[in-house]
Amino acid sequence: MAERTLSIIKPDATRRNITGKIIAKLEEAGLRVIAQKRVKWSTADAEAFYAVHKERPFFADLVSFMTSGPIVMQVLEGEDAVACNREVMGATNPADAAAGTIRAEFAESIEANSVHGSDSVENAAIEIAQCFKPEELVG
Ligand code: GDP
């Protein structure tokens, strides 16, 4: 079924000027970018987005990393987009990511792992609404 998911190209990737290489991987996996914007998050933005992780020991580091430079937020659309994006992203820790995945090829560390992708259809809807207005999605 055609689905939508939220993707974020993280500051480690914008810093290295590899957003195009990452988008090519997403498109090759069958995903279509139907909304995209480059922004720099404030601390409050990052804390709100990652609120589910606020009890995790790495929360402060994650917020600091995600505000360290620009990010590219995207809505991706495609068949089983949530699972498809998670597959092309690869495991959280690049050391565990399958060959050919974005994180295996580009991630610097478990934290600076180049991309975010929603982990469920329910969370995708929440995250898309946090990052985009409905009229910004152009399928
Ligand atoms: P994801 O869904 O694969 O992005 O992984 P999680 O939802 O578990 O974690 C969210 C983000 O927090 C990851 O993408 C990393 O950027 C960061 N993160 C996860 N685990 C760790 C960790 O053990 N240490 C640090 N510093 N960051 C982590």
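One table, with the values for the structure above:
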| item | result |
| --- | --- |
| Helices (runs of 4 or more DSSP H) enclosed by region 26-124 - at least 1 residues per element that are basic (K, R) | 81-89, 102-106 |
| Residue among V33, V75, V52 that alone is open to solvent by 20 Å² or more (accessible area, probe 1.4 Å) and away from the ligand (no atom under 16 Å from the Cβ) | V33 |
| Residues located in region 1-18, provided they are open to solvent by less than 30 Å² (accessible area, probe 1.4 Å) and assigned to a helix (DSSP H, G or I) | P11, D12, A13, T14 |
| Count - residues of region 129-139 that are assigned to a helix (DSSP H, G or I) and either at pLDDT below 95 or open to solvent by less than 20 Å² (accessible area, probe 1.4 Å) (or both) | 1 |
| Those residues of region 110-127 which are within 10 Å of the ligand (Cβ to nearest atom) and over 18 Å from P11 (Cα atoms), in sequence order | D119, N123 |
| Condition check for F132: of a type in the set (A, V, I, L, M, F, W, C) and touching a helix residue (DSSP H, G or I) at 6+ places or on another chain (Cβ under 9 Å) | no |
| Complete set of residues in region 88-109 that are farther than 17 Å from I9 by Cβ and either modelled with pLDDT under 95 or surrounded by fewer than 15 Cβ atoms within 10 Å (Cβ to Cβ) (or both) | N93, A95, D96, A98, A99, G100 |
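The values are calculated or read from the model by the stated rules, or taken from the named source; none is laboratory data. Since we're looking at a predicted model, the values are computed, not measured. When we count neighbours, we look across all protein chains shown, and the Cβ atoms used for this are built from the backbone with ideal geometry, even at glycine. Ligands, DNA and RNA are excluded from the accessible area calculation, which covers all protein heavy atoms including side chains. Shrake-Rupley method; radii C 1.70, N 1.55, O 1.52, S 1.80 Å.
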